Structures are given as structure tokens and as C-alpha cells.
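The values are calculated or read from the model by the stated rules, or taken from the named source; none is laboratory data. Everything numeric in this text was worked out from a predicted model, so none of it was measured. Here the Cβ positions follow ideal geometry from the backbone for every residue, glycine too, while neighbour counts run over all protein chains shown. Heads up: the accessible areas ignore ligands, DNA and RNA and are worked out on the full protein's heavy atoms, side chains in. Shrake-Rupley method; radii C 1.70, N 1.55, O 1.52, S 1.80 Å.
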Amino acid sequence: SLMLPTLGLVLLHNHRDISSTQERIIEEVDSDAREAEGAVASWVSTHVNAAKIIGELGSTYPLSPSSRLQEELERIHALFPAFHNIFLGDATCTTIAFHPMINERGESTIGINFADRAWFKQLSSSLQPTISDIFMGRGGIFQPIFSISVPILQDGKFSHFGLGAVNVDKMSEFFARTREHKELIHTVVDRNNNVVMSTDHSRKPLSPVPAKIGGQDIAVSANVYLWVPGNQKNISIMDVWQ
């Protein structure tokens, strides 16, 4: 008669502890995810403005290669080192000004045409600032990048644009400095589920996010999910968190 109520109280206490721990972890994960999203959004917004400044050079100077355009690009690039390279392109997606002027293969970066790129098709059709998926660079840089581009309209028509090719390592460094909970792993993926950047250095840019083999996703809140490996059924909440 004494043991049964005692066991009941112990079980109730354990259940409350588990529930409290679950709520705390959910709140921390959800809060950190929103904080990380805000940091990325702020970083992107700053670099969208940079691409707009690049594009506006084409409204200030003639749309043809010149030493003055190159000087202005070099000055802008120094202010935004997270870009591998930046350029001003015309309506056919041919580079008019590019910094650096010579790529790592010793080739000129002026006069390159990128009209077949998916980001340009989106940019020219939407006439809105465009953030690309991650892809392999082929003109100014030859490694995984994503681009931020902004169109400039004249008389309502697409005239030219400014673009920056993002160095994902620089973006990762910024993210590593700003995140609060450094024990958590953060990964940014694009629309094709390819890694853009990750604090897990085994996840390389442009590689697909590793598929989960077996197991199940369990929704523990509106925005937080747990992946439980294996094929167990009717798992207790304690086992889920373990």
C-alpha cells in the first residue's frame, strides 16, 4: 500500500521532467533556427544591395568596357570581400566590367556570355533580384558558388544588371562568428537540396544532403522534427530523445 503510491509519484515526476526537458529543447532548437534564418537573411540583404550598386554603375557610365568602370568595381569589391568576383553585365548577359579582370587560369573575364545560366533566365524573366542555387563556376572562378544579381530597368525594359559570385567559405566564416549555440550543426541548402554551406565540414558545398536511411521523422512541434533511426514502433518519448 505504501510502495504503489510512491511508484506512481516517481513515474509522474519522471514524466514531468521528461516533458519539461522536451519543451526546453524544442524551444531552444526553434529559437536558434529562427536566429540563424535571420542572420542569413540579413547577410543576403546586404549583398543584394551590393549587387544593386554594381548594376547602377551601368546607368552612370556607358555600357562598354572602360578603365573607370574597372576602378569602380575594384573599389566595390574591396568593400564586399565575401564575393569571389563581381561584374556588370548587359541585357544579353555578356560581361562589360569584371573584377578581377583575369581569372585564375589567366583568361580575360571581359566579354564572357552567361546567357545559358539558370540564374540569368530567372533574372531576365522575373526582373527581380535573384539568388541562384549553388553551381560550379566556370568563368571567373572554378569552384562551387552561388550568385546574387539585381536587374536595372530603363524605360521599363531590362537594360543591364549587377552580380556578385559568393564565396561560400566566407559566408560560413561569418555564420560561425554570429551563431550563439556553437554546439549545434547548421546547414543551408538550396532548392535542389544541395548543400550551400554547413558548419559540419564533412558536408561540402554542392553535395546533396545525405539521405536518411530507415528510421522515422517525429513531429514534436510545428517547426521541430526528430529523426529516429531504425524501424521501431511505438517508441517511448524517453527513447525518442535518446
Exercise. Per the 1.4 Å probe, what fraction of the accessible area of the stretch 1-42, in percent, lies on carbon and sulfur atoms?
Worked result: 62 percent
Seminar exercise, completed: Inverse of <1/r> over all distinct C-alpha pairs of the stretch 136-228, i.e. the Kirkwood Rh in Å, gives 16.2 Å
For this session: Pop out the carbon and sulfur fraction of the accessible area of the stretch 66-109 as a percent, whole number, probe 1.4 Å.
Result: 54 percent
Problem set entry | Low-density loop positions, GluC sites (Glu not before Pro), the stretch 161-204 - DSSP coil, at most 15 other Cβ in 10 Å | E180, E183
For this session: May I have the extent of the alpha carbons of the stretch 1-125 along their three principal axes, as whole Å values ordered from largest to smallest?
Result: 93, 30, 29
Exercise. Each residue of the stretch 72-79 in order: what ³J(HN,Hα) in whole Hz does its phi give by Karplus 6.51 cos²θ - 1.76 cosθ + 1.60, θ = phi - 60°, with x for Gly and Pro?
Worked result: 5, 5, 4, 5, 5, 4, 5, 7
Problem set entry | the chain: Cα Rg divided by the 2.2 N^0.38 Å rule of thumb | 1.39
Seminar exercise, completed: Counting sequence-distant residues (5 or more places) and residues on other chains, those with an amide H built under 5 Å from that of F83 are N167
Exercise. Using θ = phi - 60° and the Karplus form 6.51 cos²θ - 1.76 cosθ + 1.60, what ³J(HN,Hα) does each residue of the stretch 108-115 get, whole Hz, x for Gly and Pro?
Worked result: 5, 9, 8, x, 7, 10, 10, 4
Problem set entry | Relative contact order (%) - the stretch 1-142, alpha-carbon pairs under 8 angstrom, separation at least six | 15 percent
Exercise. In Å², what does the accessible area per residue of the chain work out to with a 1.4 Å probe?
Worked result: 58 Å²
Exercise. Hey, got a sec? Which GluC sites (Glu not before Pro) in the stretch 1-106 land in a DSSP loop and have at most 12 other Cβ atoms within 10 Å?
Worked result: E104
For this session: Give the total of Lys-Lys pairs in the chain with Cα-Cα distances below 27 Å; include a pair only if its members are 8 or more places apart or on different chains.
Result: 12
Seminar exercise, completed: Once normalised by the length of the chain, the mean sequence separation of its alpha carbon contacts under 8 Å that are 6 or more apart gives a contact order in percent of 16 percent
Problem set entry | I53, I112, I148, ranked by accessible area, largest first (probe 1.4 Å) | I53, I112, I148
